[in-house]
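Written out below as structure tokens is the structure these notes cover.
The values are calculated or read from the model by the stated rules, or taken from the named source; none is laboratory data. It should be emphasised that the depicted structure is a prediction, and the values quoted were computed from it without experimental measurement. Ideal geometry is used to build each Cβ from the backbone, glycine not excepted, and the neighbour counts take in all protein chains shown. Remember, those area values only see protein heavy atoms, side chains included, never the ligands or the DNA or RNA. Shrake-Rupley method; radii C 1.70, N 1.55, O 1.52, S 1.80 Å.
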Amino acid sequence: MKPAKVVSINERAIENLKFIRETMERASSFTAVPGWGGILMGVSALLTALISSRLPSRDLWFVAWLGEATLALGIGGWAMAQKAKAAREPLLYGSGRKFALSLCPAMIAGAVLTTVLYLRGMFGIMPGVWLLLYGVAVVTGGAFSVRVVPIMGVSFMALGSIALFTPFEWANWFMGAGFGGLQIAFGIVIARRYGG
């Protein structure tokens, strides 16, 4: 029989503390929120605001912003995957998974409300609802991210709340300011401070 290797409690405790410290450092330095992706999403939203302001009907306006939402979802997903890959962090575990799962309830609520609002022809409150629910999604997702992310969500919520009380003629301004301007501004902060 081989003699058992004896490990002192001190050695084991030091190894555990080292593991805990490294895990905490990785968790605090990586945020699944993509800064550069946010900037791209913002640019596409500004272009959509410009294009949709020239469309002849509210139905076409709706289709343009629905297309933008689909494009932004694709950009955001791709950018999250690229950021996780660059940081050598798994996207489907840890902060990336928590962020994505936290976004889902508000985004699903947004999809359901959008369908109802469209069927009832209530285009005037769509921008406010979209900005407000996107903000809620970002705040809840940001609970597992760096501090600037929930601040971004609250900014969207504030803008959406104001948009709910304005006429439809201002819709593109609010959509451009939120999904364009706020997304770009916070994207720059995230990209510069939190690794892209």
Note the angle between two axes, namely the Cα long axis of helix 35-52 and the longest principal axis of the Cα atoms of the chain, as a number of degrees from 0 to 90, rounded to the nearest 10.
10 degrees
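Can you give me the relative contact order of the chain as a percent, contacts being Cα pairs under 8 Å and 6 or more apart?
RCO, the chain: 32 percent.
Counting other Cβ atoms within 10 Å, keep those with at most 14, restrict to DSSP loop, and tell me which trypsin sites (Lys or Arg not before Pro) in the range 47-146 are left.
Details: sites: Arg54, Arg58, Lys83, Lys85, Arg88, Arg97, Lys98, Arg120; in loops: Arg54, Arg88, Arg120.
Sparse-neighbourhood loop trypsin sites (Lys or Arg not before Pro): Arg54, Arg88, Arg120.
Carbon and sulfur together cover what percent of the accessible area of the range 33-141 at a 1.4 Å probe radius?
Working: 4310 of 5870 Å².
Looking at the range 33-141 in its full context, I get 73 percent from C and S.
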Farthest towards the positive end of the dipole of the range 48-132, among Pro127, Ile51, Leu73 and with Cβ unit charges of +1 on Lys and Arg and -1 on Asp and Glu, lies the Cα of Leu73
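Rounding to the nearest 20 debye, state how big the charge dipole of the chain is about its Cα centre with +1 on each Lys and Arg Cβ and -1 on each Asp and Glu Cβ.
In total the dipole reaches around 720 debye.
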Counting only C-alpha contacts under 8 Å and six or more residues apart, can you give the relative contact order of the range 140-196 as a whole percent?
33 percent
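Before I look further, what does the chain give for accessible area per residue, probe 1.4 Å, in whole square angstrom? Could you put the intermediate results ahead of the total?
Working: 11850 Å² over 196 residues.
On a per-residue basis, 60 Å².
Assigning unit charges at the beta carbon (Lys, Arg +1; Asp, Glu -1) and nothing else, what dipole magnitude in debye, to the nearest 20, does the range 56-111 show about its Cα centre?
On the way: 6 positive and 3 negative charges, 63 e Å.
That gives the range 56-111 a dipole magnitude of about 300 debye.
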Whole angstrom only: what separates the Cα centroid of the range 176-196 from the Cα centroid of the range 40-115?
14 Å
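Within the chain, what's the longest run with no chymotrypsin sites (Phe, Trp or Tyr not before Pro) in a DSSP loop and at most 12 other beta-carbon atoms within 10 Å? Give the range, please. Spell out each step's value before the answer.
Numbers: sites that count: Tyr93, Phe165.
In short, 1-92.
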Using a Gaussian network model of the chain whose springs link C-alpha atoms within less than 10 Å, name the residue from Ile125, Ile151, Ile108 with the highest mean-square fluctuation.
Ile108
Which residue, Ala32, Gln183, Ala87, has the largest displacement toward the positive end of the dipole of the chain when charges sit on each Cβ (Lys, Arg +1; Asp, Glu -1)?
Ala87
For the range 119-124, just list the computed ³J(HN,Hα) in residue order, Karplus coefficients 6.51, -1.76 and 1.60, θ = phi - 60°, integers in Hz, with x standing in for Gly and Pro.
4, 9, x, 9, 5, x
